[in-house]
């Protein structure tokens with residue numbers, strides 16, 4: 001048996017506590033599988049006094065993350081603080097500079113500073129692993145980086161924010177509006193301190209940008225992710241989608257096109273009987289498509305103490321076993337510029353709007369779509385009250401630009417009341 | 001860039017040809033990701049003259065697998081011959097003895113000789129990798145060995161024979177009897193040369209025994225897998241199951257119990273709306289359950305040129321990247337005896353039988369179940385002809401022993417016509 005592998009853990013929230021618990025409860029198993037005892041040298045967290053239900057008395061307590069990261073008796077710095085700047089970034093940089101490997105669950109940090117950190121790690125001869133940053137307990141970073149390493153990836157998709165999926169699923173099952181379910185989720189503690197990270201798709205967008213970098217060998221480019229959250233999804237849209245055999249999911253899609261890398265995190269209609277359509281509640285799902293393998297789907301818990309700690313510890317075990325890969329699967333210097341392509345991949349769209357109830361209104365809508373080059377696959381007018389008529393359109397494949405053109409045109413017709421809704425239909 | 005990693009490939013069927021194709025078409029990508037060019041030094045196959053659609057002129061041709069395995073210019077022996085004995089085994093042993101790493105898609109070889117081969121590999125300081133041997137393109141060996149390495153696994157399940165799943169799915173969708181669909185599958189080329197490997201669950205049982213060894217840290221013990229194939233599944237059972245919200249799958253389950261390791265590969269009823277229940281056609285699915293992570297589900301193509309070659313090449317890439325783990329995730333000497341436990345985990349059962357249509361018949365059946373200690377959850381008697389009555393029973397949780405006891409009892413009642421059917425209902 002080799003020397004112990006010694007961890008310094010910064011952040012003792014849910015995940016950090018879970019990591020301590022696994023190491024304390026499974027010491028023998030971890031050593032048998034990795035060939036080395038895994039130990040903890042030092043920890044830090046905001047509140048030393050809080051009772052976390054684990055015994056921390058055997059570990060040195062530091063007052064800040066950088067002190068943990070740079071201790072002589074630490075081999076791996078485990079960063080569980082979060083945030084794309086501040087102490088997480090400073091401590092991670094300090095750890096690499098001090099010759100430590102880094103294991104992190106911090107998607108924001110890597111989405112914003114991934115290329116620079118990967119270069120710093122390589123310059124120092126150290127590794128950064130981040131399985132826990134994407135889709136919780138699902139070993140998707142490993143599946144993509146290693147399991148599908150011989151594939152040219154063609155598309156990566158995922159439902160990677162459990163809170164949004166919980167909200168959308170609950171809206172459908174209980175017939176409740178967004179605002180009500182959002183409030184429920186808040187009270188259940190499902191939302192981030194800043195809920196925009198969840199419902200505006202930012203958190204999930206961070207994750208998508210990391211998977212895209214690995215899949216397509218490109219530098220992480222979170223700024224190029226087209227972000228659209230779920231706040232504007234109405235219960236009517238969920239119902240109409242269900243009527244047509246679809247469900248609405250906050251779906252991330254990264255795809256290499258002839259024009260460059262397209263990355264979207266946005267509500268999409270997906271077939272209700274597809275694996276993505278069937279995904280309920282807080283569970284995550286990632287779909288990987290490669291030229292040789294075809295489609296591989298991974299499903300599992302996207303958050304929580306046990307699942308996230310499991311992913312953190314998988315990275316620790318990899319390092320204990322001598323598995324040392326570049327951060328994004330290939331040397332940072334060889335990662336290509338992504339050439340962000342917005343709207344490169346056409347798709348059918350679902351449109352919902354309310355028309356004034358007078359002769360010729362529907363004709364004006366149809367003409368506007370025609371002028372925008374959008375062709376209609378299906379159109380339905382629903383039963384309506386005296387003065388207005390809800391109308392649904394499913395288009396043939398078209399571009400986002402053409403849809404935006406049509407949406408502008410609708411405003412000029414004078415027959416469309418309020419904002420029309422446009423949601424992409426993704427072929428999954 | 002380091003020295004090339006040189007392969008010797010034995011077997012140029014579908015998978016071998018796929019491996020050659022990936023190496024020829026993706027040379028730059030493979031080198032960028034692994035840091036080493038991947039090349040082929042030599043190949044062998046039964047028929048040199050066959051046109052495989054790939055150019056083999058740059059590779060030495062050997063007449064037998066052992067010659068490929070022992071060449072000086074070969075670093076990894078890629079064994080794609082198949083079979084648990086004969087040339088595959090001899091060449092694999094020769095490769096290890098000659099100091100080569102081995103990548104294989106051969107589940108039968110490892111199911112029968114895994115412990116000895118793992119010991120031989122360790123003694124020689126070489127590795128054996130076998131991602132392609134289990135569930136085709138799904139990176140499940142990696143997910144289990146590495147991705148969930150920090151978990152105590154509690155249960156591993158899977159639908160891992162695409163042909164059986166095709167047959168069962170097609171029986172349901174087309175309402176056709178087993179014999180008809182079996183013949184269709186044969187004509188479509190879906191069946192192994194010896195179809196018993198598929199329909200008797202042997203092939204899937206091999207795979208289950210390999211996953212169980214990794215999951216539970218035990219020596220592979222294929223002989224302890226309780227095997228029951230799909231030949232006796234009648235279209236009536238598929239229909240009755242559907243009526244009750246279930247589907248019938250050839251499901252492998254490995255579970256560590258207080259009495260030892262239970263491994264079963266048998267038809268089971270699973271909820272129709274569960275991921276396993278929704279699996280259609282030839283696709284494979286593996287469900288991994290760990291104490292920290294909860295449940296992770298992996299779904300993908302279980303066979304075919306591209307998917308299986310993708311898995312073979314993932315192992316090659318691992319070795320190129322310096323990832324070297326023991327065959328079953330921990331040193332062979334540390335693998336425990338499995339202490340096979342048959343029937344340790346209770347479950348509800350579905351029973352179908354035909355009764356003579358006379359007073360008291362149903363009472364005799366109910367009494368027989370009671371005598372066996374089997375308690376009834378639901379019972380249905382279907383519309384029937386003049387002389388006999390089909391009866392369905394769903395039991396509460398019970399043991400296989402109790403069910404077998406009841407089945408014997410039925411024979412003695414004189415009111416049960418023919419063989420009753422008993423199928424386990426697995427909670428997934």
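Couple of notes before you dig in:
- Selection status of residue B:84, closer than 19 Å to residue B:131 by Cβ and in contact with a strand residue (DSSP E or B) (Cβ under 6 Å, 6 or more places away or on another chain): no
- Residue in segment A:230-245 that is outside any strand (DSSP E or B), in contact (Cβ under 8 Å) with a residue 12 or more places away in the chain, over 29 Å from residue B:278 (Cβ atoms) and touching a helix residue (DSSP H, G or I) at 6+ places or on another chain (Cβ under 7 Å) present: yes
- Within the option set A:128, A:167, A:202, A:138, being buried (at least 24 other Cβ atoms within 10 Å of the Cβ) and more than 27 Å from residue B:150 (Cα to Cα) holds for one residue only, A:167.
- Odd one out for residue B:194, checked against (1) assigned to a loop (DSSP other than H, G, I, E, B); (2) surrounded by fewer than 21 Cβ atoms within 10 Å (Cβ to Cβ); (3) within 14 Å of chain A (Cβ to nearest Cβ): (3)
- Of everything in segment A:20-38 that is within 10 Å of residue B:150 (Cα to Cα) and facing chain B (nearest Cβ under 9 Å), the residue that is nearest to the chain's Cα centre (by Cα) is A:22.
- Hits in segment B:90-99 (condition: within 15 Å of residue B:5 (Cβ to Cβ) and buried (at least 24 other Cβ atoms within 10 Å of the Cβ)): B:95
- Taking the criterion of being under 16 Å from residue B:239 (Cα atoms) and without any contact (Cβ under 8 Å) to a residue 60 or more places away in the chain, the residues of segment B:174-201 that qualify are B:174, B:176, B:177, B:178, B:181.
- Test: residue in segment B:205-212 that is in contact (Cβ under 8 Å) with a residue 12 or more places away in the chain, crowded, with 21+ Cβ neighbours inside 10 Å and out of contact with any strand residue (DSSP E or B) (no Cβ under 8 Å at 6 or more places or on another chain): yes
- Residue list for segment A:279-315, restricted to those being in contact (Cβ under 8 Å) with a residue 12 or more places away in the chain, at the interface with chain B (Cβ under 7 Å from one of its Cβ atoms) and over 24 Å from residue A:26 (Cβ atoms): A:290, A:292, A:293, A:296, A:297, A:299
Readers should treat all values here as calculations from the given coordinates under stated rules, not as data from a laboratory. Predicted model only: the values in this text are computed from it and were never measured. Cβ: placed from backbone, ideal geometry, glycine included. Neighbour counts: every protein chain shown.
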